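The values are calculated or read from the model by the stated rules, or taken from the named source; none is laboratory data. Here the structure is a predicted model, which is why all the values come from computation and not from measurement. Here Cβ is always computed from backbone atoms with ideal geometry, including for glycine, and neighbour counts include all displayed protein chains. Note: accessible area is taken over every heavy atom of the protein model, side chains too, but ligands, DNA and RNA are not part of it. Shrake-Rupley method; radii C 1.70, N 1.55, O 1.52, S 1.80 Å.
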Amino acid sequence: MPSARNIAFLASDTPMAQTAKTALQQRYGSFAPEEADVIVALGGDGFMLSTLHETQALPAPVYGMNRGTVGFLMNSYSEEGLIARLEAAEEAVINPLHMWAECVDGTIVEALAINEVSLLREGPQAAKLRIIVDGKLRMEELVCDGALVSTPAGSTAYNYSAHGPILPIGSDVLAMTAVAAFRPRRWRGALLPKSAVVRIEVVEAAKRPVMADADSRAVKQVAAVEIRSEPTVEHRILFDPGHGLEERLLHEQFQ
C-alpha cells in the first residue's frame, strides 16, 4: 500500500496482545480506525475475523500480526520496521458469505461469514438435511453431524478439518462439505460456483434440532438456511510479500 503513516492498533483481550498494542502505540502512535490508513489487528485468527467484520465499512485495509495461536490470517509479529512492512504489503480482497437463516419459530436471522457457514446437530441424534442448489433439489436426505459451505479463504479452517478441499484464493468456487456423513456414507461434498445459492432444509427439525453458525454467530433451531457469496462486501487483508493467502493455501496442501 502506498501510505501507512496513520495506523489504528486493535488488540484482543489477551495479555500478550494488549502488551503488544501498548508497545506499538508508544512507538508508532495511534489513530482511530475511521481516520487510519491501515488497521493493525493483534491477536489470533478469531480476532482477525471479528476485526474484519467490525471494520468492513471503513476504507482502511487490515494487517494482522500474530499474538494468538495458529495465525493463518496473520503476519509474524515484530515491533521493528512496521511502516516499511505495511507499505510493502500485498493485498488480498475476499468476499464473505451471506447467511439467511429461518428458525423453527419463524424468526429470520442474517449474518456474514468470512470463513464458512455451518449447520450442526444440536442434540444426540444425527441431523437430516435436504440440499437445494440454485432452486434444484440435489440431495433429498443427508444424514450427518452437519454440513458447511466455505469460501476459499476459509477452506483451511473447519472445512479442511472436515476433510473438505483447500481452494485457491482466486478461484470462483465454494466448497460444500459434510461433517461425519452417515448416509450417503461416502459423500464428501461438492464444489460449487461462487454464484450458487445453496438452500439447506432441516428434515424433522423438532426431533433432530440443528443450529447454524456464521463465523461464530450461532443461531439455534433452524428450519432452513440459504447461503450465497456476497459480492457487495469486500474485505481487504494485507500480507507480507511472499506470504499471502495464495502461498499459504499452497503451503498447507504439502504438509
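Restricting attention to the stretch 106-118, report how many residues are more than 21 Å from Ile166 (Cβ to Cβ) and of a type outside the set (S, T, N, Q).
Summing the residues that are more than 21 Å from Ile166 (Cβ to Cβ) and of a type outside the set (S, T, N, Q) in the stretch 106-118 gives 6.
Which number in (1) modelled with pLDDT of 95 or more; (2) surrounded by 20 or more Cβ atoms within 10 Å (Cβ to Cβ) marks the one condition that Ser155 misses?
(1)
Can you tell me which residue among Ser195, Ser216, Ser171 is of a type in the set (Ser, Thr, Tyr) and touching a strand residue (DSSP E or B) at 6+ places or on another chain (Cβ under 8 Å)?
Ser195
For Gln253, all conditions in the list (1) polar (S, T, N, Q); (2) buried (at least 17 other Cβ atoms within 10 Å of the Cβ); (3) at pLDDT below 90 hold save one; what is the number of the exception?
The number of the failed condition is (2).
Conditions (1) at pLDDT 95 or above; (2) more than 25 Å from Ala23 (Cα to Cα); (3) buried (at least 19 other Cβ atoms within 10 Å of the Cβ), marked per residue:
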site: Leu73; (1), (2), (3): no, no, yes
site: Glu91; (1), (2), (3): no, yes, no
site: Asp105; (1), (2), (3): yes, yes, no
site: Val109; (1), (2), (3): yes, yes, no
site: Arg121; (1), (2), (3): yes, yes, yes
site: Lys128; (1), (2), (3): yes, yes, yes
site: Gly135; (1), (2), (3): yes, yes, no
site: Met139; (1), (2), (3): yes, yes, no
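Can you confirm whether the stretch 219-226 contains a residue that is over 29 Å from Met65 (Cβ atoms), open to solvent by less than 80 Å² (accessible area, probe 1.4 Å) and among the small types (Gly, Ala, Ser)?
There is at least one residue in the stretch 219-226 that is over 29 Å from Met65 (Cβ atoms), open to solvent by less than 80 Å² (accessible area, probe 1.4 Å) and among the small types (Gly, Ala, Ser).
Which members of the stretch 208-218 meet the condition of being at pLDDT 95 or above and crowded, with 17+ Cβ neighbours inside 10 Å?
Arg208, Pro209, Val210, Met211, Ala212, Asp213, Ala214
Run down Ala180, Ala205, Ala196, Ala190 and say which single residue is within 27 Å of Ser50 (Cα to Cα) and open to solvent by less than 80 Å² (accessible area, probe 1.4 Å).
Going through Ala180, Ala205, Ala196, Ala190 in turn, just one is within 27 Å of Ser50 (Cα to Cα) and open to solvent by less than 80 Å² (accessible area, probe 1.4 Å): Ala196.
Take Glu34 and tell me if it is crowded, with 16+ Cβ neighbours inside 10 Å and more than 17 Å from the chain's Cα centre (by Cα).
Taking the combined requirement at face value, the residue does not satisfy it.
Could you list, in sequence order, all residues of the stretch 227-250 that are within 14 Å of the chain's Cα centre (by Cα), open to solvent by less than 60 Å² (accessible area, probe 1.4 Å) and either farther than 30 Å from Trp100 by Cα or not aliphatic (A, V, I, L, M) (or both)?
Ser229, Glu230, His235, listed by residue number.
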